[in-house]
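Comments concern the structure below.
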Amino acid sequence: MATMKLKVMTERLRTDFQLSIITLLGAAAIFGIVPFAFYRFLEHNYLAGFTDAIISLGIVINVVYAWYTGETERSGFVLAVFCCIAAVVISSLLVNVGHMWVYPVLVATFFLTRPTAAILLNTATIVSIVIYTTSLQSTESLFAFFTTCVVVSACAFIFALRNEHQREEMANLARLDPLTGARNRRSMDDALKLAVSTAERVGTTYALVILDLDYFKRINDKHGHSLGDDILIHLTRLVDDSTRQTDQLFRFGGEEFVLLMPGVDLQGMKAVVYSLRQKIRYKLRSPDSPVTASFGAALLHEGETWESWLKRADDALYRAKDAGRDCIIIDDED
Ligand SMILES: Nc1nc2c(ncn2[C@@H]2O[C@H](COP(=O)(O)OP(=O)(O)OP(=O)(O)O)[C@@H](O)[C@H]2O)c(=O)[nH]1
């Protein structure tokens, strides 16, 4: 049981970047601040000791909240605000050393919350410390403090931005087909599962269309793979431009695509499929002939699993191929 829980926690840390950052910064803050809280009490500086204790408690509550609710965005923002306030309070309480705590806080804000919010929080923190702290009296020390804070914030900003960009790219690589930019098979499985659970919960209707280009092997063999690739890319654009923003296109296999459409009934599904067939016929061309596609379509039935829904659409596609290609079979019309 304990091993199972540990496994789940490790998996959450591995897959949820924001949660791992909140936990890591939380742990670092606790290990860094708690010894100081004891030290302040021992030297009878009770105000600073209580402040350190309250800061540690606030951080722990925030980390627990993030783990318990999964609301890491809100928790990260609250933690960033809390750490900034703590840095200002500690700077004004501990003359000479207090303002040193601001540096890790200025870095942490960029990892806890969005860049714009972090910039605003850092600016407010730096200005408040310059106003309230008594240890920065000379113009030189004020200037040095201000400059180092800006340099630290700028470095953290650039690093956090690059990090976010790389994470987005990696997420896209895991989700998208590299040739066409359509979503890949893995995200299709997730989307179909989500569609089935949404239909059960709120009763949304869903349509599924599988389309497969006809005699694509001949096009490849006759005109080369790179022309085949261009046709696949063009097809993806054509379907994207012809469908709603809420519709999702997935590359199911080589020249086979799946279109998932929420909020669509039988008439709506037929209208989309017939119009797609026309557009493919007239807009996709190999050098010597038009390109055509066969379609299998099915509406999601009540209580049905996503696997059986996909199979009905796939069976309809096979019947469309058997019927001579360039053909549409709607499963729900049988
Ligand atoms: N250019 C290109 N071709 C691909 C890609 N993926 C798969 N294919 C080709 O798609 C062709 C699919 O051939 P088949 O499964 O026989 O299908 P088909 O020729 O379209 O015949 P029907 O579907 O029965 O009409 C094969 O020649 C594959 O090499 C790709 O990414 N790019």
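The values are calculated or read from the model by the stated rules, or taken from the named source; none is laboratory data. These numbers come from a predicted model, not from an experiment. Here the Cβ is made from the backbone with ideal geometry for all residues, glycine too, and neighbour counts use every protein chain on show. Note: areas computed on protein heavy atoms with side chains; ligands, DNA, RNA excluded. Shrake-Rupley method; radii C 1.70, N 1.55, O 1.52, S 1.80 Å.
Quickly run through region 135-184 and pick out the residues that are among the polar types (S, T, N, Q) and either in a helix (DSSP H, G or I) or surrounded by 13 or more Cβ atoms within 10 Å (Cβ to Cβ) (or both).
Selection gives Ser135, Thr139, Ser141, Thr147, Thr148, Ser153, Asn163, Gln166, Asn172, Thr180, Asn184.
Of all residues in region 260-316, count the ones that are of a type in the set (Ser, Thr, Tyr) and over 15 Å from Asp214 (Cα atoms).
4
With Ala323, Ala293, Ala297, Ala316 as the choices, which residue is exposed (fewer than 14 other Cβ atoms within 10 Å of the Cβ) and either in contact with a Phe, Trp or Tyr (Cβ under 8 Å, 6 or more places away or on another chain) or not aromatic (Phe, Trp, Tyr) (or both)?
Only one candidate qualifies: Ala323.
Every residue in region 164-200 that is closer than 15 Å to Val258 by Cα and of a type in the set (S, T, N, Q), please.
Thr180, Asn184, Ser187
Of the residues that sit in region 301-311 and are in a helix (DSSP H, G or I) and in contact (Cβ under 8 Å) with a residue 60 or more places away in the chain, which one is least open to solvent (accessible area, probe 1.4 Å)?
By that ranking, first place goes to Trp309.
Please indicate, with yes or no, whether at least one residue in region 110-125 is open to solvent by less than 60 Å² (accessible area, probe 1.4 Å) and aromatic (Phe, Trp, Tyr).
yes
Spot the failing condition for Ile55; the list is (1) open to solvent by 10 Å² or more (accessible area, probe 1.4 Å); (2) farther than 17 Å from Tyr132 by Cα; (3) at pLDDT 90 or above, and only one is missed.
Ile55 satisfies all of (1) open to solvent by 10 Å² or more (accessible area, probe 1.4 Å); (2) farther than 17 Å from Tyr132 by Cα; (3) at pLDDT 90 or above except (3).
Taking the options Arg277, Arg285, Arg281, name whichever one is without any contact (Cβ under 8 Å) to a residue 40 or more places away in the chain and open to solvent by 30 Å² or more (accessible area, probe 1.4 Å).
Sole residue among the options that is without any contact (Cβ under 8 Å) to a residue 40 or more places away in the chain and open to solvent by 30 Å² or more (accessible area, probe 1.4 Å): Arg285.
Out of the helices (runs of 4 or more DSSP H) lying entirely within region 185-300, which hold 1 or more residues that are away from the ligand (no atom under 16 Å from the Cβ)?
Hits in region 185-300: 185-202, 225-242, 266-283.
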